[in-house]
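Engineer: Can you read through this structure? Questions will come right after.
The values are calculated or read from the model by the stated rules, or taken from the named source; none is laboratory data. The shown structure was predicted, so the numbers you read here are calculated from the model rather than taken from an experiment. FYI the Cβ positions are ideal-geometry reconstructions off the backbone, even for glycines, and counts take in every protein chain you see.
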Amino acid sequence: MPNPNPQRSSIPKMLKGDIERLAQRIKPIISFDGVRRYINPVHLFAKAFTWHPIPAEEASGLRILHDIDTYHRYEYDGKFKPTIAEVLAQISKMHQQKVVAFEIIKYPQTVENTQRRIVPPGIHSATTRLYVRA
């Protein structure tokens, strides 16, 4: 179940250098034919890591830490473009040293579902799973 944080429903700001440091250690995972894999590197700030990802090695030896709500820039209902930087900026400081991977497990649904969640205009909400080494 997501870790709701009613005080926050926007994308936090984080310094570019901090994002780049976290990205060296914390990697996105995407499921390919039921197998969780890391993906080849993409631009941290400008490219949706979920669009046409190229699979890399299998993501094994991981344990679920917990799920969090993440927020992503909104263009329109059918265009969900999460960046690695958006996700990394939303991992709490207390977990940044432990987390080694993340996976979006629940994508934004229909307009009606999105509107039921308390998110400001211009934001998509997703559920992201954080992983640590097993």
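Engineer: Has the stretch 83-97 got at least one residue that is in a loop (DSSP other than H, G, I, E, B), surrounded by fewer than 17 Cβ atoms within 10 Å (Cβ to Cβ) and at pLDDT 95 or above? Walk me through how you get there before you give the answer.
Structural biologist: Looking only at the stretch 83-97, we keep the residues that are in a loop (DSSP other than H, G, I, E, B), and these are 83, 89-92, 97.
Retained after the next criterion (residues that are surrounded by fewer than 17 Cβ atoms within 10 Å (Cβ to Cβ)): 92, 97.
Going one step further and asking which of them are at pLDDT 95 or above, we end up with 92, 97.
Yes: one or more hits.
Engineer: Looking at the stretch 11-25, is at least one residue on the phi > 0 side of the Ramachandran plot and more than 15 Å from the chain's Cα centre (by Cα)? First the steps, then the outcome.
Structural biologist: Of the stretch 11-25, the ones on the phi > 0 side of the Ramachandran plot are none.
Taking every residue of the stretch 11-25 in turn, none turns out to be on the phi > 0 side of the Ramachandran plot and more than 15 Å from the chain's Cα centre (by Cα).
Engineer: Phe102: aromatic (Phe, Trp, Tyr), at pLDDT below 95, surrounded by 14 or more Cβ atoms within 10 Å (Cβ to Cβ) and within 19 Å of Leu44 (Cβ to Cβ), yes or no? Break it down into steps so the answer makes sense when it comes.
Structural biologist: Values: aromatic (Phe, Trp, Tyr): yes; at pLDDT below 95: no; surrounded by 14 or more Cβ atoms within 10 Å (Cβ to Cβ): yes; within 19 Å of Leu44 (Cβ to Cβ): yes.
For Phe102, the condition - aromatic (Phe, Trp, Tyr), at pLDDT below 95, surrounded by 14 or more Cβ atoms within 10 Å (Cβ to Cβ) and within 19 Å of Leu44 (Cβ to Cβ) - is not met.
Engineer: Can I ask one more? Can you name every residue in the stretch 69-97 that is more than 13 Å from Ile11 (Cα to Cα) and under 16 Å from the mean Cα position of the chain (by Cα)?
Structural biologist: Residues of the stretch 69-97 that are more than 13 Å from Ile11 (Cα to Cα), as a first pass: 75-81, 93-97.
Correct list: Lys79, Phe80, Lys81, Lys93, His95, Gln96.
Engineer: Identify the single condition in (1) modelled with pLDDT of 95 or more; (2) under 14 Å from the mean Cα position of the chain (by Cα); (3) surrounded by 14 or more Cβ atoms within 10 Å (Cβ to Cβ) that Pro55 does not satisfy, given that it satisfies every other one.
Structural biologist: (2)
Engineer: Select from the stretch 84-111 the residues that are in contact (Cβ under 8 Å) with a residue 40 or more places away in the chain and more than 15 Å from Arg129 (Cα to Cα) and list them in ascending order.
Structural biologist: If the condition is that a residue be in contact (Cβ under 8 Å) with a residue 40 or more places away in the chain and more than 15 Å from Arg129 (Cα to Cα), then Ala85 is the only one that fits.
Engineer: Within the stretch 13-36, take every residue that is surrounded by 12 or more Cβ atoms within 10 Å (Cβ to Cβ) and part of a loop (DSSP other than H, G, I, E, B) and give me the one that is modelled with the highest pLDDT.
Structural biologist: Among residues in the stretch 13-36 that are surrounded by 12 or more Cβ atoms within 10 Å (Cβ to Cβ) and part of a loop (DSSP other than H, G, I, E, B), the one modelled with the highest pLDDT is Ile26.
Engineer: Residue pairs, Cβ under 6 Å, 6 or more apart or interchain, first in the stretch 123-134 and in a strand (DSSP E or B) and modelled with pLDDT under 90, second aromatic (Phe, Trp, Tyr) and buried (at least 16 other Cβ atoms within 10 Å of the Cβ). List them.
Structural biologist: Ile123/Tyr71; Ile123/Tyr74; His124/Tyr74; His124/Phe80; Ser125/Tyr71
Engineer: Among what's in the stretch 58-81 and is touching a Phe, Trp or Tyr at 6+ places or on another chain (Cβ under 7 Å) and modelled with pLDDT of 90 or more, pick the residue that is surrounded by the most Cβ atoms within 10 Å (Cβ to Cβ).
Structural biologist: Ala59
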